[in-house]
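Contents: one structure, followed by commentary.
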Amino acid sequence: MRHLLTLLSGIAMACGTCAALAADASYPAKTVRIVVAFAAGGSTDLLARSVAQRLNEAWKTPVIVDNRAGGGGIVGSDHVAKSAPDGYTLLLGTNTTNAVAASLYAKLPFDPQRDFAAITEIATIPQMLSVHPSLPVKSVKELVALAKAHPKELNFGTAGTGSTSHMAMELFQSVAQIKMVHVPYKGTGPALIELLGGHLSLMFDVIMTSLPHVQAGKLRTLAVSSLKRSQTTPQVPTVAESGYPGFEAIVWFGLFAPAGTPPDVIRKVNEETARVLSAPAMRELLAGQGADIVASSPAVFTTRVQSEIVKWRKVIQDAGIKPE
């Protein structure tokens, strides 16, 4: 009987392996949708379309982008969380949708950790800490000194409560032990216009939108928010090296599938995404947007998301941030 049970167990394992291999070989057999939880035209949307196009070419199967904006990314994320776990509905997630939202909102229709399977972190984009030229500071040290001398007099703009620009500034205020006034806008564009007009003192914003104004002399950049200097602006120091070791407040993008998606499908999407990201044309395209390619494993990306949730939960709780 013992030998019979061992034999049957071996057969079952073999059958499971064969089924997994068959699923891996047949995927994708139909259109794959990459859901973007924001409107078309933004950085998340552009990145998703770049990846979708190249996966389409690699698989010879349609890979389309499905924009489902609303609720600060909640609508699109919830749609993917409740989709069939078969690999045909994926999410191009960000730290806003898959890390910050977990602590910003008291109730979500999905659990960012329980309801998603991390596939790969695709890329990161540093943010620039820029000030209006009228502000008499040329370094992070000088900015902090000014803010401490004039508490709650400097104001900073953001793309809205809970946005990456907001989280970066709240983290900065925490580590620098300063207090400034938050002025939220409905998007980065309006905030940037106000900064350029001198109605705001400073803000964090991604490199691709801030840099042209810095180069034109309309803004002065003090630092970038990544741990290492950006390849796009190697002359600009990081906040970390400006007196606040470990400071990091980047924008990251990654692919997620609904929880329960077969591991072999996760692996196939991961490997193919890494392959298309390694293409010189793709690297050049993303570098032009100030992005650094990551292409991590599912395990590494899962750990990244978990650590980000813990990090931003503390920032949100300490600052008493509430959703608008």
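Filtered by the rule that a residue be part of a strand (DSSP E or B) and free of Cβ contacts under 8 Å to residues at least 60 places away in the same chain, the stretch 178-195 gives 181, 182, 183. Of all the numbered requirements in (1) surrounded by 19 or more Cβ atoms within 10 Å (Cβ to Cβ); (2) not in a loop (DSSP other than H, G, I, E, B), residue 209 misses one, and that requirement is (1). Taking the criterion of being crowded, with 21+ Cβ neighbours inside 10 Å, in contact with a strand residue (DSSP E or B) (Cβ under 9 Å, 6 or more places away or on another chain) and in a loop (DSSP other than H, G, I, E, B), would at least one residue in the stretch 272-282 satisfy it? Among the residues of the stretch 272-282, not one is crowded, with 21+ Cβ neighbours inside 10 Å, in contact with a strand residue (DSSP E or B) (Cβ under 9 Å, 6 or more places away or on another chain) and in a loop (DSSP other than H, G, I, E, B), which makes the answer no.
Can you report the number of residues in the stretch 213-233 which are under 22 Å from the mean Cα position of the chain (by Cα) and over 16 Å from residue 169 (Cα atoms)? Residues flagged as under 22 Å from the mean Cα position of the chain (by Cα) and over 16 Å from residue 169 (Cα atoms) within the stretch 213-233 amount to 6. Counting only residues that are assigned to a helix (DSSP H, G or I) and among the charged types (D, E, K, R), which one in the stretch 145-177 is surrounded by the fewest Cβ atoms within 10 Å (Cβ to Cβ)? Across the stretch 145-177, the extreme among qualifying residues is 148.
Taking (1) at pLDDT below 95; (2) among the aliphatic types (A, V, I, L, M); (3) in the same structural domain as residue 96 (by TED's automatic domain parsing); (4) surrounded by 15 or more Cβ atoms within 10 Å (Cβ to Cβ) in turn, residue 39 satisfies each apart from (4).
Within the option set 65, 131, 100, 51, being of a type in the set (A, V, I, L, M), in the same structural domain as residue 212 (by TED's automatic domain parsing) and under 29 Å from residue 248 (Cβ atoms) holds for one residue only, 131.
Scanning the stretch 59-74 for residues that are assigned to a helix (DSSP H, G or I) and modelled with pLDDT under 95 returns 71, 72, 73, 74.
The values are calculated or read from the model by the stated rules, or taken from the named source; none is laboratory data. Just so you know, these numbers come straight off a predicted model, no measurement behind them. Here the Cβ is made from the backbone with ideal geometry for all residues, glycine too, and neighbour counts use every protein chain on show.
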